[in-house]
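Worksheet: the structure to be examined is printed underneath.
Every read-out reported here was derived from the displayed coordinates using simple, explicitly stated rules and does not represent laboratory data. Keep in mind that what you see is a predicted model, and the values were worked out from it rather than measured. Here Cβ is always computed from backbone atoms with ideal geometry, including for glycine, and neighbour counts include all displayed protein chains.
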Amino acid sequence: MSLAACAALVERGDPDRFAAVMAAPLRVRARLFPLYAFNLEVARAPWVTKEPMIAEMRLQWWRDVVAEPVARKHEVAGPLHTVIQEAGLPVEVLDRLVGARRWDVYSDAFEDAAHFDRYLDETAGGLMWCAAKACGAPDQAEAAARDFGWAAGLATFLRAVPELEARGKIPLVDGRTEAVRALAAKGLAKIGQARRDRRGLGSAVLAGWQAEALLIQVLKDPQIVAEGAMGLSEFQRRGRLAWAALTGFW
């Protein structure tokens, strides 16, 4: 059970979040690495097996980890338990984050737009709120954290659309050009709202430093989602993260 193991997992499996944590103050890294390692393990669980029952069991294991009052001897579960206790993370939010990933297990499409919204809120929105809470955010910051997390999650999800389709999923409720553009506009509106209410979010927002630029790309040309052409140059990525870390503006 070590912080180094969590950091190594994030570095290998989620390099963008790893870069964001390394740009954050040293004092919050010990809380963010276990949280992001947990998110990575949960996100992977539905994809490491073709057997839905096994995937469901993996997700249930993490739900049990979150709910139990005693830490398990596991390289991620142990440090995560420490963060939950020290930062007072809302275990119900973490539980819903895991539960929402059941959609990834099966090939069913989202039921409707509300289901898609809820998926992004419970996964990316919930994670952003827990990260903000781990960084010391007050309860009043939850709405802003969820708005920004939803938008960042949308950007990540849109980048994954071609891969999800290749795996037999139907990722979008409406894949028409105008519908994809409307999604990007909704995400940008949420970023704007979060920016107006951003007091107290702290370094948690660094994890979404690419979201606005990526959604602007989609707004201008929704076709890049289907083409798998979303993305920033390395210079843009480094510059935007450095600016966000230096100024606190994202």
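Take each peptide in 201-210, 51-60, count the other Cβ atoms within 10 Å of every residue, and average; sorted highest first, the result is 201-210, 51-60.
Evaluate the Debye formula for the stretch 151-250 with equal point scatterers sitting on the alpha carbons, no solvent, and hand back log10 of I(q)/I(0) at q = 0.13, 0.19 Å⁻¹, in q order, two decimals. Taking Cα atoms of the stretch 151-250 as identical point scatterers yields -0.47, -0.93. Taking the number of Cβ atoms within 10 Å of each Cβ as an exposure proxy, the fewest-first ranking of 230, 22, 128 is 22, 230, 128. Note that the stretch 1-145, at 25 °C in a medium of 0.890 mPa s, gets a Stokes-Einstein diffusion coefficient of 158 µm²/s from its Kirkwood radius over C-alpha pairs.
Taken over the stretch 109-250, lysine pairs spaced eight or more positions apart, or on distinct chains, with alpha carbons under 24 Å apart number 4.
Cβ-to-Cβ counts within 10 Å put 119, 36 in ascending order as 119, 36, the fewest first. For the stretch 34-119, the Cα-based Rg and Dmax, in that order, read 13.5, 40 Å. For the chain, the ratio of Cα radius of gyration to the globular rule of thumb 2.2 N^0.38 Å stands at 0.96.
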